[in-house]
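Chemist: Pasting a structure here, questions to come.
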Amino acid sequence: MRTITVGTRQSALALTQTNQVVEHLKKIAAEHQIACDFTIRRMVTKGDQILDVMLSKVGGKGLFVKEIEQALLEKHIDIAVHSMKDMPSELPAGLMIGAIPEREDARDCLISKNSWTLDQLPIGARVGTSSLRRSCQLKSYRPDLQMESIRGNIDSRIRKLDTEGFDAIMLAAAGLHRMGWEDRITEYLPLDICLPAVGQGALAIECRAEDEALLYLLSKYNHRETSIIVNTERAFLKRLDGGCQIPIGAYGVLFNGHEDKAKQEISLTGMVGATEGLEIIKETMSGSDPAVLGVKVAEKLIERGADRILGR
């Protein structure tokens with residue numbers, strides 16, 4: 001019997017979602033009579049160690065995956081469970097995303113004192129976020145808000161709402177759902193106000209491209225609709241060559257889940273914004289090919305001036 005070692009960050013959220021993934025894989029393995037067991041290896045990434053600086057200033061989202069990917073390449077682990085929004089658009093040679101499970105709620109949400117909604121926040125309210133994308137879009141909607149950096153795991157950020165004088169903080173709804181903390185959410189932010197990060201709400205199950213037995217197991221866990229949508233968003237990100245240093249967001253919807261991929265219709269909305277929120281460019285387009293559509297939306301934004309914003 002093969003023991004499959006699963007690598008993950010050691011935050012409460014990372015461990016929770018990894019345990020959920022392992023439970024799903026155990027059931028799939030039993031259904032398909034695949035003899036295997038699982039063990040979890042907790043790992044610390046550079047992104048977990050640097051908590052006093054915004055990600056955009058210390059290298060971006062790849063800081064949460066590099067050490068784990070190296071462990072995959074060196075065969076210390078067999079699977080890595082990542083939040084998809086932490087994944088760079090390019091993967092190291094020899095690695096691949098073996099499965100994208102069904103997506104959780106992709107929206108951003110607000111957790112506030114006194115149950116204030118975004119529109120009810122006092123003028124000049126202090127709002128904490130670790131994301132330039134969130135900060136940019138909220139400043140565009142409410143220029144009076146004071147957006148301030150807040151780092152740490154979601155539990156520590158929620159504590160900082162009370163201990164560091166914030167009026168509200170912004171988080172991804174998916175993490176709160178996976179932790180069972182939905183009751184802390186004051187408001188889900190509409191997509192037209194705050195477009196999510198690429199892949200937000202989805203998980204990436206990464207493995208070695210040569211591991212055919214494991215890829216077979218993961219193929220049974222892959223959620224087709226989520227995979228199509230997330231790959232469209234990631235094609236958009238790759239064309240813009242963006243990370244945490246620039247406010248970039250995207251959200252796709254699959255209108256036709258027909259098994260014939262030629263008949264599926266994907267709608268993708270993408271955005272690029274200036275960090276101060278003074279300029280945001282959005283574009284929505286439809287198509288049937290994830291890779292082509294993602295590139296088309298990105299290039300349309302470039303035509304409209306996104307390259308000028310990216311160049312800053």
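The values are calculated or read from the model by the stated rules, or taken from the named source; none is laboratory data. Predicted model, so just to flag it, every value in this text is computed and none were measured. Note that each Cβ is placed from the backbone with ideal geometry, even for glycine, and that neighbours are counted across all protein chains shown. Protein only, heavy atoms only, side chains kept; ligands, DNA and RNA dropped before computing areas. Shrake-Rupley method; radii C 1.70, N 1.55, O 1.52, S 1.80 Å.
Chemist: Since LEU217 meets every condition but one in (1) farther than 14 Å from ASP86 by Cβ; (2) open to solvent by 10 Å² or more (accessible area, probe 1.4 Å); (3) not in a strand (DSSP E or B), which condition does it not meet?
Modeler: The one condition LEU217 does not meet is (2).
Per-residue answers, yes or no, for (1) within 24 Å of LEU73 (Cα to Cα); (2) without any contact (Cβ under 8 Å) to a residue 60 or more places away in the chain; (3) touching a helix residue (DSSP H, G or I) at 6+ places or on another chain (Cβ under 9 Å):
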position	(1), (2), (3)
ARG2	yes, no, yes
GLN10	yes, yes, yes
LEU15	yes, yes, no
VAL21	yes, no, no
ILE28	no, no, yes
HIS32	no, no, yes
CYS36	yes, no, yes
ILE40	yes, yes, yes
MET43	yes, yes, yes
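Chemist: Pick from LEU138, LEU161: which is in contact with a Ser or Thr (Cβ under 9 Å, 6 or more places away or on another chain), in a helix (DSSP H, G or I) and free of Cβ contacts under 8 Å to residues at least 60 places away in the same chain? Even if it seems obvious, please write down each step before you answer.
Modeler: Details: LEU138 fails: free of Cβ contacts under 8 Å to residues at least 60 places away in the same chain.
Of LEU138, LEU161, the one residue that is in contact with a Ser or Thr (Cβ under 9 Å, 6 or more places away or on another chain), in a helix (DSSP H, G or I) and free of Cβ contacts under 8 Å to residues at least 60 places away in the same chain is LEU161.
Chemist: Continuing with the same structure: Scan the stretch 268-280 and tell me whether some residue there is open to solvent by 70 Å² or more (accessible area, probe 1.4 Å) and either in contact with an Asp or Glu (Cβ under 7 Å, 6 or more places away or on another chain) or within 25 Å of ILE228 (Cα to Cα) (or both).
Modeler: Filtering the stretch 268-280 down to residues open to solvent by 70 Å² or more (accessible area, probe 1.4 Å) leaves 276, 278.
Remaining after also requiring either in contact with an Asp or Glu (Cβ under 7 Å, 6 or more places away or on another chain) or within 25 Å of ILE228 (Cα to Cα) (or both): none.
No; the residues of the stretch 268-280 include none that is open to solvent by 70 Å² or more (accessible area, probe 1.4 Å) and either in contact with an Asp or Glu (Cβ under 7 Å, 6 or more places away or on another chain) or within 25 Å of ILE228 (Cα to Cα) (or both).
Chemist: Out of contact with any Leu (no Cβ under 8 Å at 6 or more places or on another chain), closer than 26 Å to ILE309 by Cα and among the basic types (Lys, Arg): which single residue out of LYS160, LYS85 fits that description? Show your work before the answer.
Modeler: Working: LYS160 fails: closer than 26 Å to ILE309 by Cα.
Sole residue among the options that is out of contact with any Leu (no Cβ under 8 Å at 6 or more places or on another chain), closer than 26 Å to ILE309 by Cα and among the basic types (Lys, Arg): LYS85.
Chemist: Filter the stretch 171-196 for residues that are open to solvent by 10 Å² or more (accessible area, probe 1.4 Å) and in a loop (DSSP other than H, G, I, E, B) and give the result.
Modeler: Residues satisfying the conditions are GLY180, TRP181, ILE185, THR186, PRO190, LEU191, ASP192, ILE193.
Chemist: SER135 passes all but one of (1) within 14 Å of LEU278 (Cα to Cα); (2) among the hydroxyl-bearing types (Ser, Thr, Tyr); (3) open to solvent by 50 Å² or more (accessible area, probe 1.4 Å); which number fails?
Modeler: With (1) within 14 Å of LEU278 (Cα to Cα); (2) among the hydroxyl-bearing types (Ser, Thr, Tyr); (3) open to solvent by 50 Å² or more (accessible area, probe 1.4 Å) applied to SER135, the lone miss is (3).
Chemist: While we're looking at this one, here's another question. Consider LYS46 carefully, then state whether it is open to solvent by 10 Å² or more (accessible area, probe 1.4 Å) and either more than 24 Å from GLU276 (Cβ to Cβ) or at pLDDT below 90 (or both). Break it down into steps so the answer makes sense when it comes.
Modeler: Numbers: open to solvent by 10 Å² or more (accessible area, probe 1.4 Å): yes; either more than 24 Å from GLU276 (Cβ to Cβ) or at pLDDT below 90 (or both): yes.
Yes, satisfied.
Chemist: Something else now. Could you please let me know if SER267 is more than 16 Å from CYS194 (Cα to Cα) and either modelled with pLDDT under 95 or out of contact with any strand residue (DSSP E or B) (no Cβ under 9 Å at 6 or more places or on another chain) (or both)? First the steps, then the outcome.
Modeler: Working: more than 16 Å from CYS194 (Cα to Cα): yes; either modelled with pLDDT under 95 or out of contact with any strand residue (DSSP E or B) (no Cβ under 9 Å at 6 or more places or on another chain) (or both): no.
Spelling it out, it is not the case that SER267 is more than 16 Å from CYS194 (Cα to Cα) and either modelled with pLDDT under 95 or out of contact with any strand residue (DSSP E or B) (no Cβ under 9 Å at 6 or more places or on another chain) (or both).
Chemist: In the stretch 296-311, which residues are farther than 13 Å from ILE248 by Cβ and open to solvent by 80 Å² or more (accessible area, probe 1.4 Å)?
Modeler: Here is the first cut: in the stretch 296-311, the ones farther than 13 Å from ILE248 by Cβ are 296, 299-300, 303-305, 308, 311.
Result: LYS296, GLU303, ARG304, ARG308.
Chemist: Run ARG159 past the list (1) under 16 Å from ALA12 (Cα atoms); (2) crowded, with 20+ Cβ neighbours inside 10 Å and report the number of the one that doesn't hold.
Modeler: It is condition (2) that ARG159 fails.
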